[in-house]
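The values are calculated or read from the model by the stated rules, or taken from the named source; none is laboratory data. Fair warning: this is a prediction, and the values are worked out from it, not measured in the lab. FYI the Cβ positions are ideal-geometry reconstructions off the backbone, even for glycines, and counts take in every protein chain you see.
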Ligand SMILES: Cc1cc2nc3c(=O)[nH]c(=O)nc-3n(C[C@H](O)[C@H](O)[C@H](O)COP(=O)(O)O)c2cc1C
């Protein structure tokens, strides 16, 4: 099993998938990791829908019409329940997006841990998706996460240098 830093380095945005199906046990493992994610005041304001094929998959493919997206054997639709998320009293900030981001990052890291590729997708046509996908009452689609065995090699990680994002000198002194 990879160490955490290796896992972080292993995960990448996979934009082409092999035809090979994803085992149900792996999906179960991934969603169990999602279930364990923290959330503000432990509200867990989320729901997830696993879509493989059929009419729901067509809706996803229309809302994010990319050839590579069609190659993914599974897409996880990540939904937020803003109404049940914690709202910070001092300024009214709703924390649903933060909670969902944590849960979804658990999802993609767990997928990498299982040898699967994934990609965060937020650039879908949200109004079209909201009109056409049977989103349960009160929920909002935050991200669509394709999953499958990678059919492309990882891309080089382009990241800011550590010194650009944090001053470690107080910690090291
Ligand atoms: C919140 C969020 C939304 C994203 N939306 C998309 C998207 O709609 N389509 C896409 O191809 N990649 C999307 N990405 C992937 C980023 O482009 C990618 O994570 C970034 O370029 C770093 O590359 P890496 O994931 O391979 O390390 C998204 C990533 C995040 C975190």
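Inside the stretch 132-149, residues that are under 21 Å from residue 96 (Cβ atoms) and away from the ligand (no atom under 15 Å from the Cβ) make up a count of 7. The C-beta contact set for the stretch 143-165 (first residue farther than 30 Å from residue 81 by Cα, second residue outside any loop (DSSP other than H, G, I, E, B) and modelled with pLDDT of 95 or more, distance under 6 angstrom, 6+ apart or interchain) comprises 150/117; 151/17.
Scanning the stretch 150-165 for residues that are surrounded by 10 or more Cβ atoms within 10 Å (Cβ to Cβ), more than 20 Å from residue 106 (Cβ to Cβ) and more than 10 Å from the ligand (Cβ to nearest atom) returns 151, 152. Count of the stretch 121-146 residues, restricted to those that are surrounded by fewer than 17 Cβ atoms within 10 Å (Cβ to Cβ), under 18 Å from the mean Cα position of the chain (by Cα) and within 18 Å of residue 66 (Cα to Cα), is 4. Among the residues of this structure, residue 111 does not count as one that is within 15 Å of the ligand (Cβ to nearest atom), in contact with a helix residue (DSSP H, G or I) (Cβ under 6 Å, 6 or more places away or on another chain) and farther than 14 Å from residue 11 by Cβ. For the stretch 1-44, the tally of residues that are within 16 Å of the ligand (Cβ to nearest atom) and more than 25 Å from residue 69 (Cβ to Cβ) stands at 4.
Each residue in the stretch 38-65 was checked for being in a loop (DSSP other than H, G, I, E, B), loosely packed, with under 15 Cβ neighbours inside 10 Å and in contact (Cβ under 8 Å) with a residue 12 or more places away in the chain, and 2 of them qualify.
Check whether at least one residue in the stretch 18-28 is buried (at least 16 other Cβ atoms within 10 Å of the Cβ), in contact (Cβ under 8 Å) with a residue 24 or more places away in the chain and on the phi > 0 side of the Ramachandran plot, and report yes or no. Within the stretch 18-28, none of the residues are buried (at least 16 other Cβ atoms within 10 Å of the Cβ), in contact (Cβ under 8 Å) with a residue 24 or more places away in the chain and on the phi > 0 side of the Ramachandran plot.
When the test is whether a residue is within 15 Å of the ligand (Cβ to nearest atom), surrounded by 12 or more Cβ atoms within 10 Å (Cβ to Cβ) and not in a helix (DSSP H, G or I), residue 103 does not pass it.
Checking each residue of the stretch 29-44 against the condition of being on the phi < 0 side of the Ramachandran plot and out of contact with any helix residue (DSSP H, G or I) (no Cβ under 9 Å at 6 or more places or on another chain) gives no match. If you take the residues in the stretch 62-98 that are farther than 18 Å from residue 117 by Cα and in contact with a helix residue (DSSP H, G or I) (Cβ under 6 Å, 6 or more places away or on another chain), which one is farthest from the ligand (Cβ to nearest atom)? Here the answer is 86. Would you please list the contacts, defined by Cβ atoms under 9 Å and residues six or more apart or on different chains, that run from a residue in the stretch 113-127 that is more than 12 Å from residue 142 (Cβ to Cβ) and in a strand (DSSP E or B) to a residue that is more than 9 Å from the ligand (Cβ to nearest atom) and modelled with pLDDT under 95? Matching pairs, first to second residue: 117/152.
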